[in-house]
């Protein structure tokens, strides 16, 4: 719930910081608008990959340390421990998390670029993510939840909702079309916007 929102805010920030610090005129003169947008997008993807990777590694190390700390204080020999089969692949979980980061940071970046500010895209994401209920099977939250239920194990954890079933190929095609369509719209609108008036 908060994970996509945080990366959407990250994308919005990257799209709007030049307007905030009034350096967009300098960048518009130094590089073309396409190069500027593309460099921001690539840096956003690299940063997202680093953030997710460092978070995963840090949480794994902290989990191991805390487990060893707790096991020292609890007599583990008194409990019957059974091996729990791992039903999901950690690499698939990592790549799905990265995929979700890329989707929401991209959508945030595109909204920030089109709307030329931080407040309107932020309000759109707050309303969409926290207020509006799931709108059907083609809602992006439903499609990503469906992928999450295929990759992650939700036993013993709170489920906010059970996603509406649809084929995985349709999910990937829909998400791909969403990103391609929003990319085309963003680059078209950005080309039409002037870079010299803040």
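Residue 134 versus residue 20, label points 7 Å from Cα toward the beta carbon: distance in nm?
Once both label points are built, they end up 3.3 nm from each other.
So for the pair residue 191, residue 94, with labels modelled 7 Å out along Cα→Cβ, what separation do we get in nm?
That separation, rounded to one decimal, is 3.8 nm.
Projected area of segment 2-192, taken from the Cα convex hull and averaged over every viewing direction, in nm²?
Over all viewing directions, segment 2-192 projects a mean Cα-hull area of 14.0 nm².
For an R0 of 35 angstrom, estimate the FRET efficiency from the Cβ-Cβ distance between residue 31 and residue 123 and round to the nearest 0.05.
0.70
Quick one: compute the contact order of segment 2-192, relative version, from alpha carbon pairs under 8 angstrom and 6+ residues apart, as a percent.
The normalised contact order for segment 2-192 reaches 37 percent.
Treat each spin label as a single point 7 Å out from the Cα along the C-beta direction, and report the residue 71 to residue 177 distance in nm.
Each label point lies 7 Å from its Cα, and together they span 5.0 nm.
To the nearest Å, what is the center-to-center distance of segment 83-150 and segment 167-187, using C-alpha atoms only?
13
None of the figures in this text is laboratory data; all of them are computed from the coordinates on show. Nothing here was measured: the structure is a model prediction, and the numbers come from that model. Note that each Cβ is placed from the backbone with ideal geometry, even for glycine, and that neighbours are counted across all protein chains shown.
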